[in-house]
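> Can you read through this structure? Questions will come right after.
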Amino acid sequence: METDWEALAPGVVRRRMPGWDETVGAVAGGAGVLVVDTGASLREGAGIRRRLRGLLGRPATHVALTHPHFDHVLGTAAFAGVEVYAAVGADTWLARSKDELRDDAVRHGMDREEAAEAVDVLVHPHHRVVGDLTVSLGDREVLLANVGPAHTAHDLAVVAPGVRGGRDVVFCGDLVEESGEPQAGPDAHPAHWPAALDRLLALGGEDAVYVPGHGAVVDAAFVRAQRDALARRFGVA
C-alpha cells in the first residue's frame, strides 16, 4: 500500500490530505468502492480516484460527502459518472452557494482560478440522505447516516461494518477533529452538536474506529470527551 494511505480494516482506507489536512476515505466491496469526501480541488479529486483504483483494484462507484465545506467537496467533479450521496439539503445549499464556497476556499489559501474551476463544474449530490440509508457494494453494505445539523446543517456519517470479526469504522467528517478544536463557523448548529456525537457513538459503539475530518484516528473515549467539551463550550446540557 502507498505510504500516504492508511489501512483501517480489510477494504477500508483513508488519507490525510496535504494542505488542509482533510481526511478522505474509501470502502471497497466486491461490486464497487464508496469514496468518503473528494478533497479540496479537481487535482486532488483526480489523484484520489486514480490512487484508489490502484490500491483497491476496482473503480469508484459511489461518493459520500460528509458535509459541504470546500476542502471536502471540491474534488467531486473528478468522479464523473459516480453516484454522489449527501445529507438532505446539501444539494440545495451547494447549488445556491457557489460564490460562498469559492470565496471560502480562497480565504483559506486556494488559488482563485483553481477554486472557481472546481466550483463551476461541481457535481451536486444525486441522492439525499434522510435518516439512515444502506448502500450495497455487492458483498458489503455501508451505512450512511444523516446525523446533523451540527458542524453544518448537512452532516453525514459513514459506517463501514467490520468484517471477519473486525471493528466497525465510522467516518465522522468534521463532527470530530483530532488535530485541533472542532471548528464552529457561521453555518454550525452548536446546540445540536453534542447530540450528533451521541448518535455517532450509538452507531459505532465502544469498539469502533472513529475517523475525524482532520487528524489522527481516535476511539470512542476521545469522541465522548470531545462531546462533553463541546457541551461545556456551547452551554448544552
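> All but one of (1) at pLDDT 95 or above; (2) under 22 Å from A118 (Cα atoms); (3) open to solvent by 10 Å² or more (accessible area, probe 1.4 Å) hold for A7; state the number of the condition that does not hold.
Going through (1) at pLDDT 95 or above; (2) under 22 Å from A118 (Cα atoms); (3) open to solvent by 10 Å² or more (accessible area, probe 1.4 Å) one by one, A7 breaks only (2).
> Tell me which residues, restricted to the stretch 128-146, are free of Cβ contacts under 8 Å to residues at least 60 places away in the same chain and surrounded by 16 or more Cβ atoms within 10 Å (Cβ to Cβ).
Correct list: R128, V129, L133, A145, N146.
> A further question follows. How many residues are in contact with a His (Cβ under 8 Å, 6 or more places away or on another chain) and small (G, A, S) if we restrict to the stretch 41-67?
Adding up the residues that qualify gives 0.
> Can you tell me which residue is most open to solvent (accessible area, probe 1.4 Å) among those in the stretch 36-58 that are in contact with a helix residue (DSSP H, G or I) (Cβ under 6 Å, 6 or more places away or on another chain) and more than 16 Å from V135 (Cα to Cα)?
Once the filter is applied, the top-ranked residue is R49.
> Still on this structure, please answer the following. Would you check which residues across the stretch 30-64 are charged (D, E, K, R) and part of a helix (DSSP H, G or I) and list them?
Selection gives R43, E44, R49, R50, R51, R53.
> What number of residues in the stretch 170-186 are of a type in the set (F, W, Y) and over 12 Å from H67 (Cα atoms)?
Count: 0.
> So in the stretch 76-93, with the set limited to residues that are out of contact with any strand residue (DSSP E or B) (no Cβ under 8 Å at 6 or more places or on another chain) and open to solvent by less than 30 Å² (accessible area, probe 1.4 Å), which one is nearest to A26 (Cα to Cα)?
A78
> May I pose another question? Could you tell me whether the stretch 131-148 includes any residue that is more than 29 Å from V82 (Cα to Cα) and not hydrophobic (A, V, I, L, M, F, W, C)?
no
> Looking at D91, is it over 30 Å from G162 (Cβ atoms), in contact with a Lys or Arg (Cβ under 7 Å, 6 or more places away or on another chain) and either charged (D, E, K, R) or modelled with pLDDT under 95 (or both)?
Criteria met by D91.
> Of all residues being among the small types (G, A, S) and over 18 Å from the mean Cα position of the chain (by Cα) in the stretch 102-117, which is farthest from A77 (Cα to Cα)? Just the residue, please.
Restricting to residues being among the small types (G, A, S) and over 18 Å from the mean Cα position of the chain (by Cα), the top hit is G109.
> When you scan the stretch 208-218, do you find a residue that is open to solvent by less than 60 Å² (accessible area, probe 1.4 Å), closer than 18 Å to H151 by Cα and in a helix (DSSP H, G or I), even just one?
no
> Can P182 be described as on the phi < 0 side of the Ramachandran plot and in contact with a Cys (Cβ under 6 Å, 6 or more places away or on another chain)?
no
> Among the numbered conditions (1) in a loop (DSSP other than H, G, I, E, B); (2) open to solvent by 70 Å² or more (accessible area, probe 1.4 Å), tell me where R233 comes up short.
Of everything listed in (1) in a loop (DSSP other than H, G, I, E, B); (2) open to solvent by 70 Å² or more (accessible area, probe 1.4 Å), R233 misses just condition (1).
> Right, next: Give all pairs with beta carbons closer than 6 Å in which a residue from the stretch 52-65 that is farther than 14 Å from R140 by Cα meets a residue that is open to solvent by 40 Å² or more (accessible area, probe 1.4 Å) and basic (K, R); count only pairs at least 6 apart in sequence or on separate chains.
P59/R53; A60/R49
> Can you tell which of A191, A225, A195 is open to solvent by 10 Å² or more (accessible area, probe 1.4 Å), over 18 Å from the mean Cα position of the chain (by Cα) and without any contact (Cβ under 8 Å) to a residue 24 or more places away in the chain?
A225
> Mind checking which pairs have a first residue in the stretch 74-99 that is under 23 Å from A116 (Cβ atoms) and a second that is open to solvent by less than 10 Å² (accessible area, probe 1.4 Å) and assigned to a helix (DSSP H, G or I), Cβ under 6 Å, 6 or more apart or different chains?
Matching pairs, first to second residue: L74/A118; G75/G45; A78/G45; K98/V119.
The values are calculated or read from the model by the stated rules, or taken from the named source; none is laboratory data. Values in this document were obtained by computation on a predicted structure and should not be read as measured data. Here Cβ is always computed from backbone atoms with ideal geometry, including for glycine, and neighbour counts include all displayed protein chains. Ligands, DNA and RNA are excluded from the accessible area calculation, which covers all protein heavy atoms including side chains. Shrake-Rupley method; radii C 1.70, N 1.55, O 1.52, S 1.80 Å.
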